Number of protein chains: 2
Amino acid sequence: MRIGDLAKATGVDIETIRYYEKAGLLPEPGREANGYRAYRQEHLERLAFIRHCRALDMPLESIRRLLDFVAHPEAECGDINRLIDEKLARVQARLNSLRALESQLAALRAQCGENHSARECGILHELVAAAHGEACACHTK
Amino acid sequence: MRIGDLAKATGVDIETIRYYEKAGLLPEPGREANGYRAYRQEHLERLAFIRHCRALDMPLESIRRLLDFVAHPEAECGDINRLIDEKLARVQARLNSLRALESQLAALRAQCGENHSARECGILHELVAAAHGEACACHTK
DNA sequence: TTGAAACCATGGAGCCGCTACGGGGTCAAG
DNA sequence: CTTGACCCCGTAGCGGCTCCATGGTTTCAA
C-alpha cells in the first residue's frame, strides 16, 4: 500500500499521515526501492485507531499514551480511566461555557434587526457600551 | 499611562497588549522620551472593547472588522448581523458535536470499572474494535 | 518514444492567539 | 552603586495540521 492508497482507505490526508509519522504516532513503514512508503494492514488499523481517538477529540499526546497501553497490555488501566475522566470533565466544562456564550450571542443578535447604518446598530452599541463597563445584554452577570 | 498601567487597568497581559498592537488591533501609542509606550483613555476603551469581543470568543479578524464599523459608522451594519449570525451558528454546531462527544465518552467510560490490566480494559477494547470498523459503544451511528 | 498527468519525496513556512524567553535599556529607592 | 521593577525588541514555541516549492517516479495515451 502506498501512502495515497492508505489515505484513500482511511480518509486521512496524505500530509496528515506523514505528520503522524513524524509525530511518532504511526510507525515508520518500509520503503519501496524508489523510496516510496510501503504500508501494511497494521498501519491501516493503527491509523484507524488514531482517527477514532481524534474523532473523540483526544490530543495526540493522549493517543500516544493509549497506544502505549495497546503495546503493553499487562499494565494497569487506571490511567486510561483517568484519561477519559479528565477528557469528559473538560468537555463538560466547555459545554457549559459554550452554552453561556450561545445565550450571550443570541441576546446580542436580538439588539439589531434589519439593515441600517452602523451608527444605529444595536449590536455595535452594546459592544461599545461593554467597553465602557456599562450594562450589556450580552454580558450580564 | 504606561503599558503596565494599561495591563493592570484592563487585566490584559503586557505581552498580549503588544501582540494586539502588532496585529493591528490596537493603534500604536505615542512614546515617552525614553521610548516607553504612552497610552491614553482611548486605548483603554479600545482594549476593553477587544477583550469583550474576545470573551465572546470572536477571532481577531472579526474584531478588526467590528473596529472598522466603529470607525465608519455610516456603513451598513448588515455585515455585523451576518458576523454574529455566523458565530452563533458555529457555536451551536460546536455545542451539538460536543454533546455527542459527551455521550460517547460517557459510554466509553462505562466500559471499564475498576483497575485491572489493560488487556481486559473495556475502553481499550472499544477503541481497538472501532479501529477495525466494528460496532463501538462510543461511536454508534 | 515522448510527453503530460498523477503520484511520491523532502524540508520549511504559515495558521491562531497568545506565552515565554533572551538580552538588553531606564529609572527610582536605599 | 547596587538592587529591583519596569520597559524595549525580536524570536521561538504550543497543537494539529495545511500548504508550498522543488524535484524525482510512475503510468498512461498519442
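The values are calculated or read from the model by the stated rules, or taken from the named source; none is laboratory data. These figures come from a predicted structure and were not determined experimentally. Cβ coordinates were reconstructed from backbone atoms using ideal geometry, including for glycine residues, and neighbour counts include every protein chain displayed.
Details
- Of everything in the range B:7-24 that is within 14 Å of chain A (Cβ to nearest Cβ) and more than 9 Å from DNA strand C (Cβ to nearest atom), the residue that is farthest from B:R64 (Cα to Cα) is B:A9.
- Filter result for A:P29 (away from chain B (no Cβ under 11 Å) and surrounded by 15 or more Cβ atoms within 10 Å (Cβ to Cβ)): yes
- Test: B:L60 is within 14 Å of chain A (Cβ to nearest Cβ), within 19 Å of the chain's Cα centre (by Cα) and within 13 Å of DNA strand C (Cβ to nearest atom): no
- Test: A:A48 is over 30 Å from A:A7 (Cα atoms) and touching a residue at least 12 places away in the same chain (Cβ under 8 Å): no
- Taken over the range B:25-49, residues that are of a type outside the set (D, E, K, R) and near DNA strand C (Cβ under 8 Å from one of its atoms) amount to 4.
- Test: residue in the range B:32-55 that is within 16 Å of DNA strand D (Cβ to nearest atom) and within 30 Å of A:G78 (Cβ to Cβ): no
- Pick from the range B:92-141, criterion farther than 22 Å from A:S97 by Cβ and basic (K, R), ranking: modelled with the highest pLDDT: B:R119
- Of the residues making up the range A:73-91, those that are more than 7 Å from chain B (Cβ to nearest Cβ) and at pLDDT below 85 number 1.
- Close pairs (8 angstrom Cβ cut-off, 6 or more residues apart or separate chains): of a type in the set (G, A, S) in the range B:18-31, within 11 Å of DNA strand C (Cβ to nearest atom) anywhere: B:A23/B:L60; B:G24/B:R64
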